[in-house]
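First up is the structure itself, then whatever we jot down about it.
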């Protein structure tokens, strides 16, 4: 077990557990860009299945090997808002490597969500193969990303990456005189998968107070983002028929959002917490899945096969 920390002065330390307890050492990253120097670190994100971690900086992300502290590759980015970096890293088990790597972060200048997906030239290949012997000896391994797909999501609101290879978010739907048009009467992925037409009707509170969920499920393509208007709280429906006071507060902004299970997020709406699922969620053995690196690898590699079954649901 290892714990990675970064100080406010951008010093990285790794704490390892051994028979005598815990031992800490400072990381001296090799192959650093001399113009950047060691400062400016604001994010550390582990990829435990391959003993890698990401170091987020203001304009770049370093992919670092845990054993050797070598920077495998540096990915240039737009000006990144601090603490906004997320990732999706599906593993191809038979190659012991990354099938792809997706970086998602908020542009500090525009507040847009930037999603960059790095892919191999061959769909059956990998962009990075992990060799524990080479890593321990300090040998730098090759980065083989041949393709890059970049998306820009305007007004992302609150969002999270999911273990099934999707990105889901919740945002306020703009008013009729806003820049975004209402969804046209086309068959979206939600409608094809059984979400009724009523799911896209404006809320009774008024269009300016409606919230919508959005999802990107096929990160290796440049397809459109699917959206769905979030339904009202059930207490609001009963209030119109029974004369009760609505039980959901009027809110001006979302509360915190957190991952819930493997394909869901929980987000606060005033005094209500809504669980939004992308696909089928099973909550019985969720913790067991995260404890086992092998189970996580299997779940990630199934992403391409199950992406077409995406369906978004909201619970209250």
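Below, the figures for the structure above:
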{"quantity": "Exclusive hit being surrounded by 22 or more Cβ atoms within 10 Å (Cβ to Cβ), modelled with pLDDT of 90 or more and within 18 Å of residue 4 (Cα to Cα), set 103, 98, 63", "calculated": "63"}
{"quantity": "Criterion (on the phi > 0 side of the Ramachandran plot, modelled with pLDDT of 70 or more and not assigned by TED's automatic domain parsing to the domain that holds residue 148) met by exactly one of 261, 255, 223", "calculated": "261"}
{"quantity": "Residue under evaluation residue 53, criteria (1) surrounded by fewer than 17 Cβ atoms within 10 Å (Cβ to Cβ); (2) at pLDDT 90 or above, criterion not met", "calculated": "(1)"}
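Results for (1) modelled with pLDDT of 80 or more; (2) exposed (fewer than 13 other Cβ atoms within 10 Å of the Cβ); (3) touching a helix residue (DSSP H, G or I) at 6+ places or on another chain (Cβ under 8 Å), shown as yes or no for each residue.
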position: 120; (1), (2), (3): yes, no, no
position: 124; (1), (2), (3): yes, yes, no
position: 129; (1), (2), (3): yes, no, yes
position: 135; (1), (2), (3): no, no, no
position: 153; (1), (2), (3): yes, no, no
position: 167; (1), (2), (3): yes, no, no
position: 179; (1), (2), (3): no, yes, no
position: 184; (1), (2), (3): no, yes, no
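The values are calculated or read from the model by the stated rules, or taken from the named source; none is laboratory data. What you see is a predicted model; the values in this text were computed from it and never measured. Please note: Cβ atoms are built from the backbone with ideal geometry, for glycine as well, and neighbour counts cover all protein chains shown.
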